[in-house]
Amino acid sequence: MKRRKLFESAAETMLFASAFLSIVAVLFITIFLFRSGMPLFRKVSVFEFLFSSRWEPTAATPGYGILSFIVGSFLVTGLALFIAVPVGLAVGIYMAELSGRKSSKIIRSSVELLAGIPSVVYGLFGIVIISSVSRTLFGGSGYSVISAAIILAIMTMPTIINVAEVSIRSLPKELKEGSLALGATHWQTIIRVLVPAARSGIIAGVILGMGRAIGETLAVLMVGGNAPIMPTKLNGMVRTLTMNIITDMSYATGDHLTSLFATGIVLFLFILVLNLTVQLALKKSITEMEGGAGA
């Protein structure tokens with residue numbers, strides 16, 4: 001008994017240390033990022049940095065405006081979600097409510113495989129297939145906003161599918177049984193009862209997918225064109241925040257290097273807001289499910 005208590009105490013200490021190490025790692029990354037990027041704002045105003053599109057860090061009179069990269073990031077991410085959300089939600093609903101055991105297993109395995117494919121493989125697929133199709137259908141070079149959005153849509157779909165399926169499966173069975181008992185069809189029950197009841201979890205999945213999309217670098221870099229200009233059309237080239245950092249990091253020095261860390265701060269804050277939104281959405285979803293179960 002004494003040995004068991006000693007073992008449990010040691011395991012509890014080890015788990016606490018692991019959790020504490022995670023917090024410390026996030027804290028040190030945050031401090032390092034802000035310490036490296038904030039000095040830029042002694043020379044460049046926050047307003048100019050965020051709302052200027054002039055990115056010429058190596059010019060005689062340098063310009064450090066990242067507005068075009070912010071717009072590019074949200075444009076590509078928005079289009080990716082516009083493609084991925086309907087498809088991902090449809091697949092999640094099918095897996096949770098309509099598919100048989102065998103077909104559900106096959107689809108789930110495919111989704112898991114899709115989630116595990118490296119970014120560079122997506123990028124190569126985009127160069128060979130997506131860019132060629134984009135060039136044929138929309139014109140331009142094929143390395144464009146729409147090509148980057150399609151690649152990101154494919155990459156974020158597994159997250160949306162998995163969260164949508166789990167959210168629907170986690171609903172109390174009484175919701176479905178009550179709807180069917182009142183005379184609703186299976187399809188009406190899905191559309192008017194189950195999906196609205198699981199909306200908080202589904203929204204959390206969409207936001208997680210958005211976080212994955214806005215933070216993606218390599219695949220987008222390979223098909224987006226990487227031009228430091230304001231995106232004005234879907235078949236035009238684009239550069240996102242992550243693309244800007246990875247493109248210039250290899251040769252940046254001085255204020256140029258500091259500006260890249262400042263760009264990382266902006267990206268960090270975007271992801272932080274998204275994660276907080278996910279936590280609130282999940283908390284609301286749990287509260288709603290508990291309320292539905294209690295009723």
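The values are calculated or read from the model by the stated rules, or taken from the named source; none is laboratory data. Note that the coordinates shown come from a computational prediction; the quantities given were computed from them, not determined experimentally. Note that each Cβ is placed from the backbone with ideal geometry, even for glycine, and that neighbours are counted across all protein chains shown.
Condition test on residue 168, is it within 30 Å of residue 196 (Cβ to Cβ), touching a helix residue (DSSP H, G or I) at 6+ places or on another chain (Cβ under 7 Å) and assigned to a helix (DSSP H, G or I)? It would help to see each step written out before you state the result.
Details: within 30 Å of residue 196 (Cβ to Cβ): yes; touching a helix residue (DSSP H, G or I) at 6+ places or on another chain (Cβ under 7 Å): yes; assigned to a helix (DSSP H, G or I): yes.
Yes; evaluated as a whole, the condition is true for this residue.
Need the failing condition index for residue 271 against (1) closer than 27 Å to residue 86 by Cα; (2) outside any helix (DSSP H, G or I); (3) touching a Gly at 6+ places or on another chain (Cβ under 9 Å), just the number.
(2)
Go through segment 123-156 and count every residue that is over 22 Å from residue 86 (Cα atoms) and of a type in the set (Ser, Thr, Tyr).
6
Looking at this structure, is residue 83 surrounded by 15 or more Cβ atoms within 10 Å (Cβ to Cβ), in contact with a helix residue (DSSP H, G or I) (Cβ under 8 Å, 6 or more places away or on another chain), β-branched (Val, Ile, Thr) and free of Cβ contacts under 8 Å to residues at least 24 places away in the same chain?
No: the conditions fail for residue 83.
Limited to segment 44-63, what total is found for residues that are over 15 Å from residue 263 (Cβ atoms) and modelled with pLDDT of 90 or more?
Residues in segment 44-63 being over 15 Å from residue 263 (Cβ atoms) and modelled with pLDDT of 90 or more: 2 in total.
Somewhere in segment 134-147, is a residue in a helix (DSSP H, G or I), touching a helix residue (DSSP H, G or I) at 6+ places or on another chain (Cβ under 8 Å), among the hydrophobic types (A, V, I, L, M, F, W, C) and modelled with pLDDT of 90 or more?
Let us first name the residues in segment 134-147 that are in a helix (DSSP H, G or I), namely 134-138, 145-147.
With the extra rule that they be touching a helix residue (DSSP H, G or I) at 6+ places or on another chain (Cβ under 8 Å), the set shrinks to 134, 138, 145-147.
Now restrict to residues that are among the hydrophobic types (A, V, I, L, M, F, W, C): 138, 145-146.
Filter once more, keeping what is modelled with pLDDT of 90 or more: 145-146.
Scanning segment 134-147, I find at least one residue that is in a helix (DSSP H, G or I), touching a helix residue (DSSP H, G or I) at 6+ places or on another chain (Cβ under 8 Å), among the hydrophobic types (A, V, I, L, M, F, W, C) and modelled with pLDDT of 90 or more, so the answer is yes.
Pairs please, first residue from segment 249-269 and over 21 Å from residue 218 (Cβ atoms) and of a type outside the set (Ser, Thr, Tyr), second anywhere and modelled with pLDDT under 95 and assigned to a loop (DSSP other than H, G, I, E, B), Cβ atoms under 6 Å, 6+ apart in sequence or on different chains.
Note: pairs meeting the criteria are 256/57.
Which of the residues belonging to segment 175-218 are under 18 Å from residue 154 (Cβ atoms) and among the hydrophobic types (A, V, I, L, M, F, W, C)?
206, 208, 210, 213, 214, 218
Is it the case, given these coordinates, that residue 80 is small (Gly, Ala, Ser), at pLDDT 90 or above and at negative phi?
On the way: small (Gly, Ala, Ser): yes; at pLDDT 90 or above: yes; at negative phi: yes.
Considered against the rule, which asks whether it is small (Gly, Ala, Ser), at pLDDT 90 or above and at negative phi, residue 80 comes out as yes.
Can you pull out the residues in segment 216-273 that are surrounded by fewer than 23 Cβ atoms within 10 Å (Cβ to Cβ) and charged (D, E, K, R)?
233, 248, 255
Output the residues belonging to segment 1-53 that are out of contact with any Asp or Glu (no Cβ under 7 Å at 6 or more places or on another chain), outside any helix (DSSP H, G or I) and within 30 Å of residue 66 (Cα to Cα).
44, 45, 52, 53
Would you pick out the residues in segment 230-243 that are over 18 Å from the mean Cα position of the chain (by Cα) and over 12 Å from residue 144 (Cβ atoms)?
Scanning segment 230-243 gives a single hit, 230.
Might you check whether a residue that is touching a helix residue (DSSP H, G or I) at 6+ places or on another chain (Cβ under 7 Å), within 21 Å of residue 119 (Cβ to Cβ), at pLDDT 90 or above and hydrophobic (A, V, I, L, M, F, W, C) occurs anywhere in segment 261-277?
Yes, because at least one residue in segment 261-277 is touching a helix residue (DSSP H, G or I) at 6+ places or on another chain (Cβ under 7 Å), within 21 Å of residue 119 (Cβ to Cβ), at pLDDT 90 or above and hydrophobic (A, V, I, L, M, F, W, C).
Anything in segment 131-161 that is in contact (Cβ under 8 Å) with a residue 12 or more places away in the chain and farther than 15 Å from residue 224 by Cβ? List them, or say none.
139, 156, 157, 158, 159, 160, 161
Please enumerate the residues belonging to segment 234-248 that are in contact (Cβ under 8 Å) with a residue 60 or more places away in the chain and of a type in the set (Val, Ile, Thr).
Within segment 234-248, 238, 240, 242 qualify.
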